[in-house]
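Trainee: I'd like to ask some things about the structure below.
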Amino acid sequence: MLIPGLKSIVRAFYSVEDKRLERTVFGIKFPNPVGLAAGLDKDAKLFDELGILGFGFIEIGTLTPKPQPGNDKPRMFRLPVDSGLINRMGFNNQGAVAAVERLKRRKTKVIVGGNIGKNKVTPNEEATSDYESCFETLFPHVDYFVVNVSSPNTPNLRELQDKAPLTALLSRLKELNAAKPVQKPILLKIAPDLTDSQLDDIIEIVKSTKIDGVVATNTTISRAGLKTEESRVKEIGMGGLSGKPLTKRSTEVIRYLHEKSGGSFPIIGVGGIHTAEDALEKLAAGASLIQLYTGFVYEGPALIKRINTALLSK
Ligand SMILES: Cc1cc2nc3c(=O)[nH]c(=O)nc-3n(C[C@H](O)[C@H](O)[C@H](O)COP(=O)(O)O)c2cc1C
């Protein structure tokens, strides 16, 4: 896909390669702690190229067992005044099997996480089998898994964050994982809209199911504190809000989980990282790795380099 020779020029321009940036987290050695969050490379079409831009890891997905079109367009809206985005994509993707065909043609050694979900038509009572299917299909081809139960754009999905269904789901995936000759890390991605007592449940579930960590956070359903005209926000309607309006809340969630759990599991911090300072704040709050989505859309790939350079000059 890339023009020959361009790869090394792009890599030299954007990526910062330095041993001091390496992090070993849940048993994987990351070349640097700045990753791409789920949702941008849903179908595993661009992970090699995105790795060349300097990301330390790429999360593909959310993938579902069957392909599905997602919600009607328009389904993504820019809030430039707020440096935010509202999206209601609804897990548009070509399915886990199609992603595997592309993963098999991996051209670089970039670390790839597989973010998995359920199809819209699958009722919550049968959700486990969708996650199982994605897990088994992707297992040989990804380096770690993220169980996404926190998207606001699949009806009732976030109810799977409740203690009983979540414990059952994660326990089942742990069982499947244990049956493999070599296990892969399993993380849980949570919403920023959980209350403290729900976060306490999450800590308990991570400990009891012995999963490997948490990705905090997904987009928010809150619209508090936006500078964008209320009428415009109303007109846009449903969806998850990301970017700058989320920075503070996602850091709060990271700090709460880290402090309350005594740092007993790794956290990937994501939500409104638009500057190197935002990234350092997430790491200081207890994140071991961070991810970008909206900040990458607004700031471009130079943001990855700015963060890594700031880490080196700390
Ligand atoms: C357009 C769009 C699509 C997204 N799709 C997914 C997805 O499929 N799965 C997922 O776990 N998160 C998805 N996310 C959430 C991001 O991975 C991230 O958690 C969230 O946007 C907060 O980070 P940010 O403020 O840096 O964007 C999506 C976000 C956006 C903006």
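Trainee: Checking the structure you have, find out if any residue of the range 228-251 is of a type in the set (G, A, S), away from the ligand (no atom under 14 Å from the Cβ), within 21 Å of the chain's Cα centre (by Cα) and more than 22 Å from P155 (Cβ to Cβ).
Mentor: no
Trainee: OK, next. Can you say whether A127 is out of contact with any strand residue (DSSP E or B) (no Cβ under 9 Å at 6 or more places or on another chain) and surrounded by 19 or more Cβ atoms within 10 Å (Cβ to Cβ), as far as the supplied structure shows?
Mentor: Yes.
Trainee: Suppose the filter is surrounded by fewer than 20 Cβ atoms within 10 Å (Cβ to Cβ), of a type in the set (S, T, N, Q) and in contact with a strand residue (DSSP E or B) (Cβ under 6 Å, 6 or more places away or on another chain); does T228 pass it?
Mentor: For T228, the condition - surrounded by fewer than 20 Cβ atoms within 10 Å (Cβ to Cβ), of a type in the set (S, T, N, Q) and in contact with a strand residue (DSSP E or B) (Cβ under 6 Å, 6 or more places away or on another chain) - is met.
Trainee: Are any residues in the range 119-172 aromatic (F, W, Y) and under 19 Å from I202 (Cα atoms), and if so, which ones?
Mentor: Y131, F145
Trainee: So for the range 16-32 (the condition being touching a Gly at 6+ places or on another chain (Cβ under 9 Å), buried (at least 18 other Cβ atoms within 10 Å of the Cβ) and modelled with pLDDT under 95), does at least one residue qualify?
Mentor: Yes, the range 16-32 contains at least one residue that is touching a Gly at 6+ places or on another chain (Cβ under 9 Å), buried (at least 18 other Cβ atoms within 10 Å of the Cβ) and modelled with pLDDT under 95.
Trainee: Given the criterion of a type in the set (D, E), within 16 Å of the ligand (Cβ to nearest atom) and over 24 Å from V25 (Cβ atoms), identify the matching residue among D193, D162.
Mentor: D193
Trainee: For the range 275-305, which residues satisfy the criterion of being touching a Pro at 6+ places or on another chain (Cβ under 7 Å) and within 12 Å of the ligand (Cβ to nearest atom)?
Mentor: I290 - this is the single residue of the range 275-305 that is touching a Pro at 6+ places or on another chain (Cβ under 7 Å) and within 12 Å of the ligand (Cβ to nearest atom).
Trainee: OK, next. Output the residues belonging to the range 1-59 that are closer than 15 Å to I307 by Cα, outside any loop (DSSP other than H, G, I, E, B) and of a type in the set (S, T, Y).
Mentor: Y14
Trainee: So, one more: Is there any pair with a first residue in the range 15-32 that is within 18 Å of F265 (Cβ to Cβ) and without any contact (Cβ under 8 Å) to a residue 12 or more places away in the chain and a second that is surrounded by 11 or more Cβ atoms within 10 Å (Cβ to Cβ) and of a type in the set (F, W, Y) whose Cβ atoms are under 9 Å apart and which are 6 or more apart or on different chains, and what are they?
Mentor: That search, which allows pairs on different chains as well, returns T24/F30.
Trainee: Going through the range 33-53 one residue at a time, which ones are touching a residue at least 60 places away in the same chain (Cβ under 8 Å) and acidic (D, E)?
Mentor: D48
Trainee: Next question. Could you check, for the range 9-28, whether at least one of its residues is over 23 Å from L280 (Cβ atoms) and within 16 Å of the ligand (Cβ to nearest atom)?
Mentor: No, the range 9-28 contains no residue that is over 23 Å from L280 (Cβ atoms) and within 16 Å of the ligand (Cβ to nearest atom).
Trainee: Which of the numbered conditions does A279 fail, given that it passes all the others? Conditions: (1) out of contact with any helix residue (DSSP H, G or I) (no Cβ under 7 Å at 6 or more places or on another chain); (2) crowded, with 21+ Cβ neighbours inside 10 Å; (3) in contact (Cβ under 8 Å) with a residue 60 or more places away in the chain.
Mentor: Looking at each condition in turn, A279 falls short on (1).
Trainee: Within the range 101-120, identify whether any single residue is within 14 Å of the ligand (Cβ to nearest atom), under 23 Å from T294 (Cβ atoms) and surrounded by fewer than 19 Cβ atoms within 10 Å (Cβ to Cβ), and answer yes or no.
Mentor: Checked the range 101-120: no residue is within 14 Å of the ligand (Cβ to nearest atom), under 23 Å from T294 (Cβ atoms) and surrounded by fewer than 19 Cβ atoms within 10 Å (Cβ to Cβ).
Trainee: While we're looking at this one, here's another question. Among the listed residues F139, F145, which satisfies the condition of being aromatic (F, W, Y), at pLDDT 95 or above, closer than 28 Å to N32 by Cα and surrounded by fewer than 18 Cβ atoms within 10 Å (Cβ to Cβ)?
Mentor: F139
Trainee: Something else about it: Going through T167, T64 one at a time, which residue ends up being farther than 23 Å from E299 by Cβ, more than 16 Å from the ligand (Cβ to nearest atom) and touching a residue at least 12 places away in the same chain (Cβ under 8 Å)?
Mentor: T167
The values are calculated or read from the model by the stated rules, or taken from the named source; none is laboratory data. None of the values given here were measured: they were computed from a predicted structure. FYI the Cβ positions are ideal-geometry reconstructions off the backbone, even for glycines, and counts take in every protein chain you see.
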